[in-house]
Amino acid sequence: MTRSRAGAAADAAASEAARAAEAARHIRASLVIPVLDIIGDRWTLLLVAALAAGPARFDGLARRIGIARSTLAQRLEDLARDGLIERIAYQGNPPRFEYGLSAKGRDTLAILHAIRDWDRTWASAEAFESWPMDDEPERRIVCRACRAPIHARDVAYRPASSVEPRAARRGRPADAAELWGEASLRQKAARRPSRSQRRARPQPLTSAADALGNRSLALVIAAAFFGLRRFSDMEKALGLAPNVLARRLDELVAAGMMARHVYRERPRRWQYILTEKGLDLYPVIVAQIGWADRWLAGASGPPLALTHRPCGKALVPVLDAPRPRLVSPHRTSH
């Protein structure tokens, strides 16, 4: 009996290890990190949302989203370098410019609509109403083939056959530190929190932008959607420092986006499962993947193939047609 139980436990452990390894391969094949390097920042998301209505000047943007001028200048520089905004001259002498979204920048609006759609259900009324897209019609992320809303459980992943991790092409296994170290180094110094901010208690996650506008939080959420549940698996796949990963998981549990469950008693070990509130973030994640496929994939094409199980077609996330604006009922207790 004991041997039978031990064998069953070993089989379960092997199955979990195989599932985690597959999830890690999917993450490494995806463009999650490059996307977060560009828009994995709350101020950047708010700035792009503010420009959705049309070009705006520096002072107007600073007032609209309540951002410090030095921070705004850095974000505008980052967005211009990454090709999401354009400077538009409105005065010749002395030269004066306003800022507008490029085609690449306008294409991020699907991500912003997905954030706003999540906030409509889960955010506080104050957080929802503060999002600078009041004039935009309500739209959702849907499957281009069948026009149905996209849910995490309805999507299958596989790496595209032409895609190999960089280290694997050199004849040895790829690890998270090498695969993602280059992208990690690209984090802008202006985006790094100060020492006092790092020591302060985490702010509550009141909007999808709070979670997905924080690079390491967004990375943990993406890992959960790819199927990683255990701390050790996330640490290995994501390359995050253990204290950072632990803090991010605690924040997501406190926000009700993840639930913590014991999977082993001696020693006690936990796994982290997305709740309904967390699962509802999936349209934002898949919109990011779709945007990356269009703008970051390069000549080799999208690195990850997604299939929408309900229709059996390749999943291409798109915005549905604009809907009449309605007063949104918010959930007041989460």
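For this structure, a couple of remarks:
- For segment 280-321, taking the residues that are of a type in the set (Val, Ile, Thr) and in a helix (DSSP H, G or I), the one that is nearest to Pro34 (Cα to Cα) is identified as Ile289.
- Tally of residues being within 30 Å of Ala254 (Cβ to Cβ) and modelled with pLDDT under 95 across segment 292-325: 1
- Matching residues in segment 123-132 - criterion: being crowded, with 18+ Cβ neighbours inside 10 Å and part of a loop (DSSP other than H, G, I, E, B): Ala123, Trp131, Pro132
- Within segment 84-116, considering residues that are touching a helix residue (DSSP H, G or I) at 6+ places or on another chain (Cβ under 8 Å) and among the β-branched types (Val, Ile, Thr), the one farthest from Lys277 (Cα to Cα): Ile85
- The single condition among (1) under 22 Å from Ala297 (Cα atoms); (2) modelled with pLDDT under 95; (3) not aliphatic (A, V, I, L, M) that Pro94 does not meet is (1).
- Per the listing Ala17, Ala52, the residue uniquely at pLDDT below 95, of a type in the set (A, V, I, L, M) and either buried (at least 19 other Cβ atoms within 10 Å of the Cβ) or under 22 Å from the mean Cα position of the chain (by Cα) (or both) is Ala52.
Each row is one residue, and each column tells you yes or no for (1) at pLDDT 85 or above; (2) part of a helix (DSSP H, G or I); (3) within 24 Å of Thr108 (Cα to Cα); (4) among the aromatic types (Phe, Trp, Tyr).
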site	(1), (2), (3), (4)
Ser162	no, no, no, no
Pro173	no, no, no, no
Thr206	no, no, yes, no
Ala211	yes, yes, yes, no
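- In segment 285-292, the count of residues that are within 30 Å of Met133 (Cβ to Cβ), surrounded by fewer than 16 Cβ atoms within 10 Å (Cβ to Cβ) and not acidic (Asp, Glu) is zero.
- Of the helices (runs of 4 or more DSSP H) lying entirely inside segment 38-114, those containing at least 1 residues that are more than 28 Å from Ala321 (Cα to Cα) and touching a residue at least 60 places away in the same chain (Cβ under 8 Å) span 69-81.
- Taken as a whole, the condition of being modelled with pLDDT under 90, crowded, with 16+ Cβ neighbours inside 10 Å, under 29 Å from Pro149 (Cα atoms) and in contact with a Lys or Arg (Cβ under 9 Å, 6 or more places away or on another chain) applies to Ala29.
The values are calculated or read from the model by the stated rules, or taken from the named source; none is laboratory data. The structure displayed is predicted, hence computed values, not measured ones. Quick reminder, even Gly has a Cβ in these numbers, built from the backbone with ideal geometry, and neighbours come from all protein chains shown.
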